[in-house]
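Written out below as structure tokens is the structure these notes cover.
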Amino acid sequence: MRWLLIITIALLGLPSEAQEAATAETQVTFIAGQTVYVSSGTSDGLVVGDTLDVFEDGVRLGSMVVVSATPDRSVLAFADTIFPITMGDQLTLSFALAAPEPVGPLPPPILTERPSILEPSVDETPSQSYGGPRVSGRLQLGVSGLMTSTSSSGGASYDRTYATPFALLRAEVADLPGGLQFNTRLRAAYRYADPTPFSEEVDIRVYDLNLEKSFSNLPLEISAGRLFNRYDRFTGYWDGLNIHVGNRERGFGVAAGFQPDRGNEMPTTDLPKYTVFGHAAFETEGVRFDGTVLGGQIIPKSDSLQTRTFVGFQQQVFAGNFRLSAGALVDQDPESNAWTFSRLNARASVTATPSIRLRGFASSNRPYILYADRQYILSRSTRFGGGATVTLRSGPVPGLSVRADVTNAMTEGQPNTVTVNGGISIPGISSARIGVSVDGTVWQNQQLGESQRGIYAGVGVNKSFGSTYGRLGYRYQQSPLLGLSALISHGLDVMLQVPLRSGLALTLQASTQLGQSISSTRLYTAIWYRF
């Protein structure tokens with residue numbers, strides 16, 4: 001806190017320019033009906049219950065809700081209108097109140113997009129004010145509940161109940177004295193469980209708490225506190241200082257500080273770390289290139305842990321209707337000291353015609369675990385596949401989209417899993433403007449010489465009633481069990497979004513799952529307020 005205070009005082013009185021809020025780059029790794037799995041998690045700032053704006057190539061696709069999250073992975077669900085999305089897609093999840101500027105060539109407009117329920121109408125848009133600090137952000141108050149019941153063949157049942165009231169705040173205070181900008185994003189929750197209570201019932205997570213400063217007469221940006229480096233997709237959040245020299249097209253910088261505790265996001269000085277990075281973007285003869293390189297170390301204070309040294313790069317290439325993105329991170333294995341690719345991925349897509357989009361992707365990962373007194377690299381997992389999407393831009397059902405993908409997933413020491421995924425989405429049928437989506441997933445592998453097959457299928461309908469939006473869905477799931485009959489369950493989902501007034505909205509969600517030996521009911525309600 002002392003060095004943060006010193007930096008804050010030193011920056012007072014200097015002119016600045018506004019900064020945009022943080023974003024997280026992620027990749028779609030799996031789709032199950034209206035549920036999407038992505039490669040970003042709580043270490044990237046995602047919070048269960050939060051709603052994020054989703055962009056691809058700078059174009060807003062819509063909004064999604066974080067259903068569950070681990071440090072490296074998350075499960076998302078559509079928050080309003082369903083939009084075309086498929087495995088391997090490289091997306092930007094925005095925590096900002098405004099969309100980022102488009103980069104590279106833009107795909108055709110998404111016909112299924114609808115404004116956020118928190119957005120005011122044109123006549124209600126507030127006028128800009130000048131002359132003092134400007135506060136903007138979103139506040140969410142809600143409660144999530146879950147009741148589950150499982151039974152054995154002998155008839156005994158085990159019931160569990162969870163309830164989590166929570167509050168989420170995302171706020172920016174611009175035009176502070178000295179041209180500073182303050183950013184914060186946090187979540188507070190009370191976790192109730194019966195019969196096994198949580199060891200810590202009150203849970204507070206801080207994902208952003210920093211001051212930003214950019215200079216109108218110098219190519220310099222400085223941020224300090226709990227922060228996310230927009231030029232670094234590998235190292236997550238920091239407690240420290242980030243200095244960037246240059247502009248959004250070209251620049252370099254250094255970040256130094258400490259890695260937060262991955263268990264509860266609390267500050268800790270156990271893992272000091274730093275990175276040096278550089279980036280450049282240029283366009284020539286219709287081809288645009290964006291690239292970033294970085295290198296750094298995490299230096300544990302514990303004598304039983306080794307220093308983690310890593311080097312990485314990420315790039316994007318746009319050429320007409322073709323797009324290529326690739327990234328890699330190289331780490332030293334703490335056991336053998338040999339260099340290995342801990343992350344390696346590539347994705348290519350091409351718009352063959354205005355209605356047909358082809359894609360392919362491959363990724364190979366060995367997650368590096370450095371937490372508490374644990375340090376090791378997990379077994380390598382590899383995924384590759386491809387697919388296509390056909391979207392009607394005109395005709396009797398404009399916006400109808402059909403997609404299909406095939407993926408092969410491999411993990412060292414385990415059998416391959418082949419997944420076939422597909423779906424159809426229709427943004428509006430006839431004059432009723434009822435949206436329909438149908439999704440299906442089939443996966444298969446071998447376990448102990450026995451063929452295992454899982455099936456997921458879902459269908460959903462959605463409709464807007466003026467400014468109110470509703471969705472109803474059904475899902476079927478068949479999960480294999482070794483040596484036993486497959487576990488089959490059926491589920492229903494319903495969601496309602498109601499704008500109460502400009503900037504204030506209510507969300508209601510309920511779902512139930514019924515099977516031969518399991519049942520569950522989930523309830524979620526929240527009030528959103530934009531200020």
Can you tell me which residue in region 296-320 is farthest from R347 (Cα to Cα), limited to those that are touching a strand residue (DSSP E or B) at 6+ places or on another chain (Cβ under 8 Å), without any contact (Cβ under 8 Å) to a residue 60 or more places away in the chain and assigned to a loop (DSSP other than H, G, I, E, B)? K301
Hey, among the residues in region 33-49 that are open to solvent by 10 Å² or more (accessible area, probe 1.4 Å) and out of contact with any helix residue (DSSP H, G or I) (no Cβ under 9 Å at 6 or more places or on another chain), which one's modelled with the lowest pLDDT? S43
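Applying the selection to region 451-470, what residues are free of Cβ contacts under 8 Å to residues at least 40 places away in the same chain and either at negative phi or in contact with a strand residue (DSSP E or B) (Cβ under 7 Å, 6 or more places away or on another chain) (or both)?
S451, Q452, R453, G454, I455, V459, V461, K463, F465, T468, G470
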Going through region 61-105 one residue at a time, which ones are more than 29 Å from A319 (Cβ to Cβ), at pLDDT below 70, charged (D, E, K, R) and surrounded by fewer than 22 Cβ atoms within 10 Å (Cβ to Cβ)? D72
What do you reckon, is T150 more than 26 Å from L506 (Cβ to Cβ) and in contact with a Phe, Trp or Tyr (Cβ under 6 Å, 6 or more places away or on another chain)? yes
Filter region 380-399 for residues that are open to solvent by 40 Å² or more (accessible area, probe 1.4 Å), touching a residue at least 12 places away in the same chain (Cβ under 8 Å) and more than 24 Å from the chain's Cα centre (by Cα); the one that is farthest from I424 (Cα to Cα) is R393
Filtering region 155-186 down to residues that are among the aliphatic types (A, V, I, L, M), within 26 Å of the chain's Cα centre (by Cα) and open to solvent by 20 Å² or more (accessible area, probe 1.4 Å), which residue is farthest from S517 (Cα to Cα)? V173
Give the residue, chosen from F198, F234, that is of a type in the set (F, W, Y), open to solvent by 20 Å² or more (accessible area, probe 1.4 Å) and out of contact with any Gly (no Cβ under 7 Å at 6 or more places or on another chain). F198
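Out of region 202-216, which residues are open to solvent by 70 Å² or more (accessible area, probe 1.4 Å) and more than 21 Å from N183 (Cβ to Cβ)?
Answer for region 202-216, where residues must be open to solvent by 70 Å² or more (accessible area, probe 1.4 Å) and more than 21 Å from N183 (Cβ to Cβ): just V202.
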Among (1) closer than 20 Å to V66 by Cβ; (2) in contact with a Lys or Arg (Cβ under 7 Å, 6 or more places away or on another chain); (3) open to solvent by less than 70 Å² (accessible area, probe 1.4 Å); (4) not β-branched (V, I, T), the one test that A189 misses: (2)
Which listed residue, of I518, I429, I488, is β-branched (V, I, T) and touching a Leu at 6+ places or on another chain (Cβ under 8 Å): I518
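The values are calculated or read from the model by the stated rules, or taken from the named source; none is laboratory data. Remember, it's a predicted structure, so these values are computed and weren't measured experimentally. Note: ideal-geometry Cβ built from the backbone for every residue, glycine included; neighbour counts use all protein chains shown. We work out accessible area using only protein heavy atoms, side chains counted, and drop any ligands, DNA or RNA first. Shrake-Rupley method; radii C 1.70, N 1.55, O 1.52, S 1.80 Å.
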